[in-house]
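Since the structure comes first, as C-alpha cells, the remarks are kept for the end.
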Amino acid sequence: MRIRNICILGGTGFVGRHLANRLSTAQEKRHTRVLTRHRERNKHLLVIPNLYLYEVDHLDEDSLAYYFKGCEIVINLIGILNESRKGDFERVHAQLPERIARACKRAGVKRLLHMSALGASAEAPSAYQRSKAEGERRVHEAANDVFTVTSFQPSVIFGPEDSFFNRFAGLLRISPGIFPLPTPDARFSPVYVGDVATPLSAACSSPAAMVVGTNSAAPKPIACENW
C-alpha cells in the first residue's frame with residue numbers, strides 16, 4: 001500500500017485536531033506531520049496513529065522547507081480571530097501563507113490546501129476578511145503547472161472547544177439573561193467542525209485536478225454551499 005505523507009500547520013488547533021484524527025482513520029495509509037511552536041504542550045496528539053509532532057518556528061522559511069521535504073500535501077490551518085497587536089492579521093493571514101507557499105515549492109511539495117474564510121475579499125468590511133483575502137491571493141499566485149493550491153472558505157466553525165460560540169456561552173454563564181450584541185444585525189452561517197474536516201480529508205485523497213479544476217495556475221477557491 002502506498003504511503004502518503006501530509007504536513008499540517010495549525011494541526012494542534014481546533015480544526016487541526018479533528019482533521020488529524022480524520023486522516024488517521026482513512027483507508028489510505030498516511031503519515032501526518034504536525035508542526036507546532038510548543039511540542040510539549042501538545043504531546044497528547046501523539047496518541048493519534050501515524051502522527052509525528054515537531055517543534056518548528058513557523059516564521060523560519062528554511063525550517064518549513066526542511067520539514068516539508070518528502071510530503072505530497074501541505075495543509076495550512078493557521079489563523080487568528082483577533083489581533084493582539086496591530087499587524088497580526090497581515091503577518092498571520094497574508095505574509096505567513098506566502099512564506100509557506102515558497103517553502104512548499106523549495107521542498108518539492110505538489111499541493112497546498114489553504115484555509116481561508118467565507119467572505120474573504122479585498123473590499124470586505126473587516127480587517128480579518130481582508131487579510132484572509134490577501135493571503136489567498138498570494139498563495140494562488142504562487143501556483144503553477146506543478147504546484148497546485150486549493151482554498152477552503154468556511155464560515156464560523158462550531159463544535160466542542162471552539163473559541164467563538166463557547167466564548168459567548170461563558171459570558172452567559174457569568175451573567176445569565178445578559179447577552180452582548182455589539183453588532184445586532186450580524187448574521188452567521190455556522191458550520192460544524194466535522195463538516196470542515198471531511199472535505200479537507202477528502203481533498204487529500206482526490207487527484208489535484210478534481211479539487212482545483214483545470215486551471216491549476218489560478219484555481220477558483222473551493223467553498224461549500226453550506227459554509
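Of note:
- Residues 156, 109, 146 in ascending order of nearby Cβ atoms (within 10 Å, fewest first): 146, 156, 109.
- Taking other C-beta atoms within 10 angstrom as a stand-in for reagent exposure, 7, 71 fall in the order 71, 7, fewest first.
- Once the Cα-Cα distance is subtracted from the 0.36 nm per residue extended length, the residue 39 to residue 25 segment shows a gain of 2.8 nm.
- From phi via Karplus (6.51, -1.76, 1.60), per-residue ³J(HN,Hα) for region 89-99 in Hz, x at Gly/Pro: 4, 4, 5, 7, 8, 10, 5, 5, x, 4, 5
- Annotation for residue 124 and residue 158: the two label points, set 7 Å from Cα along the Cα-Cβ direction, are 2.0 nm apart.
- All aspartates and glutamates inside 13 Å of residue 43 as judged from Cα atoms, apart from same-chain residues fewer than 8 positions distant: 55
- Computed about the Cα centre, the dipole magnitude for region 97-138 is approximately 360 debye when only Lys and Arg (+1) and Asp and Glu (-1) carry charge, each at its Cβ.
- Here the dipole of region 1-149 is about 500 debye; that uses its Cα centre as origin and unit charges on the Cβ of Lys and Arg (positive) and Asp and Glu (negative).
- Under-5 Å amide H pairs with residue 33, H placed in peptide plane, nonlocal only: 6, 7, 8, 52
- Loop sites in region 79-117: trypsin sites (Lys or Arg not before Pro), DSSP, at most 13 other Cβ within 10 Å: 85, 86
- Note on residue 47 and residue 146: their simple-model spin labels are 4.2 nm apart, each label 7 Å out from Cα toward Cβ.
FYI, it's all coordinate maths here, none of it is from the lab. Quick caveat, the model's predicted, so the values are computed rather than measured. Virtual Cβ from ideal backbone geometry, glycine too; neighbours counted across all protein chains shown.
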